[in-house]
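The structure appears right after this line, and notes come after that.
The values are calculated or read from the model by the stated rules, or taken from the named source; none is laboratory data. Note that this is a predicted model, so its numbers are computed, not measured. Only protein heavy atoms, including side chains, enter the accessible area calculation; ligands, DNA and RNA are left aside. Shrake-Rupley method; radii C 1.70, N 1.55, O 1.52, S 1.80 Å.
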Amino acid sequence: MSWAVEEWKEGLSPRVLQKIHELESQVDKLKKERQQRQYQLETLEAALQKQKQKVENERNESAILKRENQSLMELCDNLEKAKHKIAHDLQVKESQVNIQSGQLNSCKKDIERLEQELKR
């Protein structure tokens with residue numbers, strides 16, 4: 001088959017044949033270059049897709065972390081409110097204990113006084 005491809009070149013001058021050979025070599029070189037660039041393009045496209053997927057995964061992870069952070073902040077706020085309520089309740093109860101302690105001391109003094117009166 002290659003002889004049929006070469007058949008059209010018969011009878012051409014050596015200078016023209018040389019030019020044809022140069023052009024064919026240049027075409028082969030350009031084809032190889034094109035293949036290399038096509039491979040580079042495909043490699044870069046694959047890398048780009050990989051980076052896009054990585055960015056998407058990081059966005060998703062970021063959104064999850066933001067929601068988790070928000071949830072933890074709300075939990076901290078709730079715990080802080082509960083802490084303040086417990087501290088307030090403790091103060092109220094300590095006040096009640098102090099009042100009752102004072103009442104107890106007053107009652108003890110009354111009892112002692114009454115016991116002293118009874119002894120007389």
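Evaluating Asn98 against the criteria (1) open to solvent by less than 90 Å² (accessible area, probe 1.4 Å); (2) over 37 Å from the mean Cα position of the chain (by Cα) leaves one unmet condition, (1). If you go through segment 8-62 and keep only what is part of a helix (DSSP H, G or I) and small (Gly, Ala, Ser), you end up with Ser25, Ala46, Ala47, Ser62.
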